[in-house]
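Worksheet: one structure, shown below.
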Ligand code: ADP
Ligand code: MG
């Protein structure tokens, strides 16, 4: 494994397109464009661990289960996450291998079902914050919280959304297997949807009804795997201060301590850019190596630190 290793996190929206369209053709189109970016990285000499979000897909599964007849069993959220690891992992494998063949590149793609260790006493279990699935009316939300014990929060767009715990990832349990797979593959897909969350109880791993932020979990994997660079690819060209405002300013190169200060000052919203910045800061501080946040369209340029917001280590 002489090649440089990049851990690359793809946004759920970068794969499914914003607006929850899971039309089969659009899925293949989005995955094909992600595959072109990944394979361009291989041409630049990188080995790549691809991680990915699953927001649109897990929302789709939740709605599909709700539409089942009342006497059909419903599967828990952690199984929905595991399902999306197969779903999206398969599509990425298919598309990336296809693109490799087209460009005459050797080496395969492996997909690994991934668990992430979380702490059972994480405050998120007492006060969940992560909205998932669709928006419900007040009556529907009341009925569902009675029948299923779901917790709802008012959505800024009106109506109510289910919220689930989003505990911090402590460790990615498959890191060593990912490293082993990299001996014989140039691409490994892992940590889908942030990984299936588990807690340790008396030496046994037990799944929990929660979701882990995919950017943070990917950062933990990048640290544990000894990645040379950690890249987060999404649908904007990087990180901006005063995003969408009159003083909008896109960051190109930024020292980790400066970015951390902007984060602490509340420049980045919790549900979108916040976790990406936090994940990049975590990697750069722990690994003392650079991270980048940028557009999926510029994939290989972002990984090579030529485009996007590049987060640089200070004194290590
Ligand atoms: P992903 O599916 O890739 O995780 P998110 O929606 O979670 O995507 O995060 C990316 C989005 O963050 C962008 O589409 C952009 O609208 C939003 N965003 C919020 N604040 C910022 C910011 N300060 N700079 C850039 N983008 C931002
Ligand atoms: Mg996101």
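Worth a mention:
- Complete set of residues in the stretch 136-150 that are outside any helix (DSSP H, G or I) and surrounded by 15 or more Cβ atoms within 10 Å (Cβ to Cβ): 136, 150
- Considering the stretch 1-21, and only residues there that are modelled with pLDDT of 75 or more and not in a loop (DSSP other than H, G, I, E, B), the residue that is nearest to ligand 2 (Cβ to nearest atom) turns out to be 12.
- Pairs where the first residue, in the stretch 192-218, is without any contact (Cβ under 8 Å) to a residue 40 or more places away in the chain and the second is assigned to a strand (DSSP E or B), C-beta under 8 Å, 6+ apart: 206/198; 206/199; 206/200
- Among the numbered conditions (1) modelled with pLDDT under 95; (2) out of contact with any strand residue (DSSP E or B) (no Cβ under 7 Å at 6 or more places or on another chain); (3) within 18 Å of residue 209 (Cα to Cα), the only one that residue 80 does not meet is (1).
- Qualifying positions in the stretch 276-316 - within 15 Å of ligand 1 (Cβ to nearest atom), touching a residue at least 40 places away in the same chain (Cβ under 8 Å) and in a helix (DSSP H, G or I): 276, 278, 279, 280, 296, 297, 298, 299, 302
- Here the strands (runs of 3 or more DSSP E) wholly within the stretch 168-275 that include at least 1 residues being crowded, with 19+ Cβ neighbours inside 10 Å and more than 16 Å from ligand 2 (Cβ to nearest atom) are 185-189, 196-201, 229-234, 253-255.
- Count of the stretch 25-62 residues which are away from ligand 1 (no atom under 16 Å from the Cβ) and in contact with a strand residue (DSSP E or B) (Cβ under 6 Å, 6 or more places away or on another chain): 7
- Test: residue in the stretch 302-315 that is buried (at least 19 other Cβ atoms within 10 Å of the Cβ), closer than 22 Å to residue 192 by Cβ, within 16 Å of ligand 2 (Cβ to nearest atom) and at pLDDT 95 or above: no
- Residues being touching a strand residue (DSSP E or B) at 6+ places or on another chain (Cβ under 7 Å) and surrounded by fewer than 21 Cβ atoms within 10 Å (Cβ to Cβ) - total across the stretch 282-294: 2
- Condition broken by residue 105, with the remaining ones in (1) within 27 Å of residue 78 (Cβ to Cβ); (2) more than 22 Å from the chain's Cα centre (by Cα) satisfied: (1)
The values are calculated or read from the model by the stated rules, or taken from the named source; none is laboratory data. All values derive from a computational prediction rather than experimental measurement. Reconstructed Cβ throughout: ideal geometry from the backbone, glycine too, with neighbour counts over all protein chains shown.
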